[in-house]
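The values are calculated or read from the model by the stated rules, or taken from the named source; none is laboratory data. Computed from a predicted model, the values in this text were never measured in an experiment. Every residue, glycine among them, receives a Cβ derived from its backbone with ideal geometry; neighbour counts consider all protein chains shown. Note: areas computed on protein heavy atoms with side chains; ligands, DNA, RNA excluded. Shrake-Rupley method; radii C 1.70, N 1.55, O 1.52, S 1.80 Å.
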Amino acid sequence: MRKRIVQAIGMVFCMCILLCACQSQERTASDKIYIGVTYYDQSDTFLNELLDCFKKYFAESENEEMKVTVTVRDAAGSQRTQNEQVKELIDAGCNVLCVNLVDRTAPSEIIDLARGEDVPVIFFNREPVAEDLMQWDKCYYVGAKAEESGVMQGELAADAILGNEQADRNGDGKIQYVVLEGEPGHQDAIIRTENAVATLESKGITLEKLSYGIANWNRAQAQNRMTQMLGEHKDQIELVLANNDDMVLGAIDAYDALKYMDSERPLLFGIDGTDMGLKAMEDLKLSGTVYNDKEGQAAAMAELAVAIVSESGMEEIEFENDKYIYLPYSKVSLENIDDFQGR
């Protein structure tokens, strides 16, 4: 009996060793890439389009030597939910994470979870504070520089104003404007607005700010905020600057719902170059937008994820400060819109 017990214990011990070895092999296998993605909110049109590009990249490039599984989770605007999703994705065997933070100032728990299991993290679109990204050498960021988009939006608006005698409808020598902003205190929202306004003023355009509305990057919220501003300022508004296309489309929805004639509407500008934003430009409802290179960002994320897991190709990736990959914005006007549609 004692001999049988010893044999049974030995068998269990061997099985445990074998199981641990299999799990270790699964985690480090370079030909199997398990990517866990969590993003702040599925209502964000640009992010949905970016992730479609991301998944399409792997669908078109997968081969017998490289098998890729991508699992996507929606954090629904909750940082706590996102932290739990990261733990679940790691427990499920993901060997690289792609994280679009709910709160860009609170990545520490995610970094600690990932570092504890040695799972590299690629943050995207919402840039963490630099000090947070430096917490671990396996944290990276893929996105674009917010100030660039603000400058380009300001340049587009300036070109439209300077080339249009009707832009200053009341003839007072000033452009009365309103702003539709993303989340309160959000770095990209602040930077985009400040740079757009500063660029307009640098072109010699005198501005008068009538109002602003926080719309959290959301189309429906933007329609509500724009409706409120129209109730207060009516036809005084000559320019609308929105921090993204979803919000400027919400502004257009407000004008549509109130049945404003085309001649009664202000110049309207967005940022992102979403499919719906480009369609609104084609329909002459949107004056211009700034294209956020979702295809380039998706490809950069995918190539970085593969290089990290396969431990091959990192030297070919162009980083800023060893951690950042930035893709440039582009100005979209009616003259070049064909270059961006159907990408």
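Before we move on, is VAL179 in contact (Cβ under 8 Å) with a residue 60 or more places away in the chain, surrounded by 14 or more Cβ atoms within 10 Å (Cβ to Cβ), closer than 20 Å to ILE325 by Cβ and among the hydrophobic types (A, V, I, L, M, F, W, C)?
No, not satisfied.
If a residue has to be part of a helix (DSSP H, G or I), over 28 Å from GLY36 (Cβ atoms) and within 14 Å of the chain's Cα centre (by Cα) to count, how many in the stretch 269-321 make the cut?
0
With respect to the numbered conditions (1) surrounded by 20 or more Cβ atoms within 10 Å (Cβ to Cβ); (2) closer than 25 Å to PHE340 by Cβ; (3) out of contact with any Lys or Arg (no Cβ under 8 Å at 6 or more places or on another chain), which one is the sole condition not fulfilled by ASP52?
Evaluating ASP52 over (1) surrounded by 20 or more Cβ atoms within 10 Å (Cβ to Cβ); (2) closer than 25 Å to PHE340 by Cβ; (3) out of contact with any Lys or Arg (no Cβ under 8 Å at 6 or more places or on another chain) leaves (1) as the failure.
Of all residues being free of Cβ contacts under 8 Å to residues at least 40 places away in the same chain and among the charged types (D, E, K, R) in the stretch 265-301, which is least open to solvent (accessible area, probe 1.4 Å)? Just the residue, please.
ARG265
Exactly one of (1) under 21 Å from the mean Cα position of the chain (by Cα); (2) assigned to a helix (DSSP H, G or I) is unmet by ASN224. Its number?
(1)
Can you pull out every residue in the stretch 106-117 that is touching a Pro at 6+ places or on another chain (Cβ under 8 Å) and either surrounded by fewer than 21 Cβ atoms within 10 Å (Cβ to Cβ) or under 22 Å from GLU183 (Cα atoms) (or both)?
PRO107
Is it the case that some residue within the stretch 204-218 is open to solvent by 60 Å² or more (accessible area, probe 1.4 Å), at pLDDT 95 or above and in a helix (DSSP H, G or I)?
no
Return the residue satisfying two criteria in turn: it lies in the stretch 160-174 and is on the phi < 0 side of the Ramachandran plot and touching a Ser or Thr at 6+ places or on another chain (Cβ under 7 Å), and of such residues it is least open to solvent (accessible area, probe 1.4 Å).
ALA160
How do the pairs read when you match residues in the stretch 139-157 that are crowded, with 24+ Cβ neighbours inside 10 Å with residues anywhere that are among the basic types (Lys, Arg) and part of a helix (DSSP H, G or I), using Cβ under 6 Å and keeping only pairs 6 or more apart or on different chains?
Once the first residue is crowded, with 24+ Cβ neighbours inside 10 Å and sits in the stretch 139-157, its partners that are among the basic types (Lys, Arg) and part of a helix (DSSP H, G or I) give SER149/ARG192; GLY150/ARG192.
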